[in-house]
Amino acid sequence: MTVGTGPDEALVAAAQRGNATAFDALVRRHTTKMYRVAYRILGDSAEAEDAVQEAWVAVWRSLDRFRGESAPTTWLYRVVTNAALVSLRRRRPTVPLEPTDDLISDGAALGPEGHALRTEEVARVHRAIATLEPSQRIPLVLRELEGMRYEEIAEMLDVSVTALRSRLHRARVTLLARLKEMRDG
């Protein structure tokens, strides 16, 4: 099955033919989203930047092997997820995630006290996510924080949708338990 010929597909095809401008357009279009995925997996901005850079190098080197059997975005997320996993394997315990401004609701509507409480709540959730095993954290980040479809995530992680749903269920149960421990402890 070949995916349609949308803007990303056209850019990939042009980049495969050696068009550096098309590749640059892909980089500009997707780096922020790839960084967000890497950051949410790794919890460290420097490591996330390195993972994204490594992912783009890997994409450039493997452009000729991309056959369009999945959407370019699925492929890019898979490459950056793999780069983040390699980074995770290289280090010891994970660093707690820090909330980013795009994850915190409008502070003006909440007022200063409400904004501070919301920021603290978001930070607590991200610290709890950072404690999950990568096999649970990655699908949870991609589904709940990035809003990706089950089919896309399953393809990226090379698992069945059923296995993905099982991982997500375990991740949610574990996350709720960790949040309860943090609240009670």
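Results, tabulated for the structure shown:
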| item | result |
| --- | --- |
| L88, L145, ranked by accessible area, largest first (probe 1.4 Å) | L145, L88 |
| Rounded FRET efficiency, nearest 0.05, which uses the C-beta distance separating R170 from N19 and R0 of 41 Å | 0.40 |
| Label-point gap, in nm, between R29 and A123 - each point 7 angstrom along Cα→Cβ | 3.8 nm |
| Projected label distance in nm at V86 and S135, using a 7 Å step from Cα toward the beta-carbon | 2.2 nm |
| Stretch gain in nm, segment E144-A177, where the contour uses 0.36 nm per residue and the Cα spacing is subtracted | 10.2 nm |
| Relative packing of peptides 129-140, 159-170, 32-43, 174-185 - highest average C-beta neighbours within 10 Å first | 32-43, 129-140, 159-170, 174-185 |
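The values are calculated or read from the model by the stated rules, or taken from the named source; none is laboratory data. Note that the coordinates shown come from a computational prediction; the quantities given were computed from them, not determined experimentally. So basically every Cβ, Gly included, is an ideal-geometry build from the backbone, and we count neighbours across all protein chains shown. Remember, those area values only see protein heavy atoms, side chains included, never the ligands or the DNA or RNA. Shrake-Rupley method; radii C 1.70, N 1.55, O 1.52, S 1.80 Å.
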